[in-house]
Amino acid sequence: MKRAPVTATGATRLKAELTTLKTEDRPRIIQAIAEAREHGDLKENAEYHAAREQQGFAEGRIQELEAALSLAQVIDVTTLGVEGRVVFGATVTLEDLETEAEVIYQIVGDIEADIKANRIAVSSPIARALIGQEEGDIAAVKAPNGTREYEIIEVEYK
């Protein structure tokens, strides 16, 4: 089986989510199912069906996290010694050469990617264009609406 890269902080975050699901969410959902059963006829019991649906989502996420963590290769970017170069786990400040807008991304594993938190997957087009580049380089990213160019302003290892 192929081991998936995960940052050290990402692994900690995923373990915390798994613990929350197992110790807080699962018991709460089980209690909600028990209370809904007490209301009688299960065929027309919306509370029961909603709780069962929540249980399915929670159990699915638990299985997904357990599988991902069991196959994870935790990489601590601070120990790599690649000053100024974009590698897995690096936090990169970019300037869009067209709009002059600055954006900061951290390149992380697929399971921990969250665009709202500016964590992009190592398999994404922008991350693939950045890997191996250095501060001051221009990275060309092929996007659906054409090629965009970004200047790498700063590379940090947190």
Out of (1) outside any strand (DSSP E or B); (2) at pLDDT 95 or above; (3) polar (S, T, N, Q), the one Gln106 does not meet is (1)
Among helices (runs of 4 or more DSSP H) entirely inside the range 1-79, those with 1 or more residues being more than 22 Å from the chain's Cα centre (by Cα) are 26-37, 46-71
Selection status of Thr93, among the polar types (S, T, N, Q) and either outside any strand (DSSP E or B) or surrounded by 15 or more Cβ atoms within 10 Å (Cβ to Cβ) (or both) = yes
Filter the range 65-81 for residues that are touching a residue at least 60 places away in the same chain (Cβ under 8 Å) and loosely packed, with under 15 Cβ neighbours inside 10 Å; the one that is nearest to Glu134 (Cα to Cα) is Leu80
Note on Ile62: of the conditions (1) in contact (Cβ under 8 Å) with a residue 60 or more places away in the chain; (2) closer than 30 Å to Ala34 by Cα, unmet is (1)
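The values are calculated or read from the model by the stated rules, or taken from the named source; none is laboratory data. No experiment lies behind these values; they were computed from the predicted model shown. So basically every Cβ, Gly included, is an ideal-geometry build from the backbone, and we count neighbours across all protein chains shown.
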